[in-house]
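> Here's a structure for you.
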Amino acid sequence: MSNPETTTIAVLGTLAEFHREPIPYNLTALVQLVADIHPDLLCLDMTAEQWQQQDFSTLPPEYQEALLPLARQTDIVVIPLTRHQHPPKPEASGWRGRVIAWLRSWLALIQRTAPSPDAINQGWRHELANTLYGLTRRLAGEVVQKAWDEHADHLTESVLAVARRDPGRRILVVVNVQHCHIIRHRLHHYPELQVTTYQDL
C-alpha cells in the first residue's frame, strides 16, 4: 500500500513554437494529455506576477493557448515556478551562429517528425535533441550556458519546495523540453519524492 504522504512527480517536456504547427504533438494533443492526467498541481515555468496579473502575453503558446485555459476550465491548481525571466535564446555571430542555425534545422526535423509526445520526452529522439540543444548553448558562449544552467537549478528547487510544502500530491511539471531531463534527473536525488513518467502519474 502506498504512503499517502508520498509526493508523485512527473515532468513533461513541451516544444514552444512548434506546437502551433501541424504535428502530432500539437496544442490540442497537449491539452488532451494534461486533461487526462488531471494532476493535483500543475507547475509551470512562469512568474507569480504573471499568474496574479493574468498577463500571459509573453508566455509560450503551450501555456498561453493551452494549459492556462485548461486550468481555468477545471480544478487543476497552477503553481508558478520562477522569479526570473527565461534565459536568452542561444545565438552567436560568425561561424558559431551558422552552426547554431544548422543545429536548429536538425532539431526542427526531429521535433516535426516525432509521432507522439512519448517520442519527444523519451527515447533516441529525446537524447539526440538534448545533445543538439546542449551544443547550441555551448556555441552561444559561457554567459548563455550559465543562464540556462541557473534557470534549470531554480526550476528544480522550486518544484522541490512545492512538493515539500504540500506532500502527498500528484504533481505535473510542464516545461520546455530543454529543461525536463535535467529536472527529472535532479529530483531523483530526493528519497521523499516518487519521480515517475507522465503516463504513470
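> Between Arg112 and Ala92, what is the spin-label point distance in nm, taking each point 7 Å from the Cα along the Cα→C-beta axis?
2.5
> Amide H neighbours of Cys43 under 5 Å, counting only residues 5+ apart in sequence or on other chains, H built in-plane at 1.01 Å?
When sequence neighbours closer than 5 places are left aside, the close amide H contacts are Ile79, Leu172, Val173, Val174.
> Through the Karplus equation 6.51 cos²θ - 1.76 cosθ + 1.60, θ set to phi - 60°, convert the phi angles of the stretch 64-80 into ³J(HN,Hα) values in whole Hz; use x for Gly and Pro.
Each residue of the stretch 64-80 in turn: 4, 9, 10, 6, 5, x, 4, 4, 5, 8, 10, 9, 5, 8, 8, 10, x Hz.
> Relative to the Cα centre, what is the charge dipole magnitude of the chain, using +1 at the beta carbon of each Lys and Arg, -1 at the beta carbon of each Asp and Glu, and rounding to the nearest 20 debye?
Rounded to the nearest 20 debye, it is 600 debye.
> Follow-up. How many Å³ per residue does the convex hull of the Cα positions in the stretch 7-200 occupy?
Convex hull of Cα atoms, per residue: 117 Å³.
> Which ³J(HN,Hα) values in Hz, rounded to whole numbers, follow from the phi angles of the stretch 173-186 under the Karplus curve 6.51 cos²θ - 1.76 cosθ + 1.60, where θ = phi - 60° and Gly and Pro get x?
9, 10, 9, 3, 4, 5, 9, 5, 5, 5, 5, 4, 4, 6
> Related question: Going by amide H atoms built from the backbone, whose H comes under 5 Å of the H on Ile9, apart from near neighbours?
Here Ile171, Gln194, Val195, Thr196 satisfy the definition.
> Would you work out the relative contact order for the chain, in percent, from Cα pairs under 8 angstrom that are 6 or more residues apart? Working shown, then result.
On the way: 282 pairs, mean separation 84.7, N = 201.
Across the chain, relative contact order equals 42 percent.
> Before anything else, pin down the relative contact order of the stretch 1-107: Cα pairs under 8 Å, at least 6 apart, normalised by residue count, whole percent.
This gives 28 percent for the stretch 1-107.
> Of all the stretches in the chain, which is the longest one without any exposed loop site, taking GluC sites (Glu not before Pro) in a DSSP loop (any state but H, G, I, E, B) with at most 15 other Cβ atoms within 10 Å? Please report the intermediate quantities before stating the final value.
On the way: sites that count: Glu5, Glu91, Glu192.
Here the longest segment lacking exposed loop sites spans 92-191.
> At q = 0.11, 0.21, 0.23 Å⁻¹, what log₁₀ I(q)/I(0) does the stretch 92-201 have when each alpha carbon counts as one equal point scatterer in the Debye sum?
Taking Cα atoms of the stretch 92-201 as identical point scatterers yields -0.43, -1.18, -1.29.
> To the nearest 10 degrees, how steep is helix 27-37 against the longest Cα principal axis of the chain, on a 0 to 90 scale?
30
The numbers here are math on the coordinates, done by the rules we state, and not lab data. What you see is a predicted model; the values in this text were computed from it and never measured. All Cβ positions, even for glycine, are placed from backbone atoms using ideal geometry, and neighbour counts span all protein chains on display.
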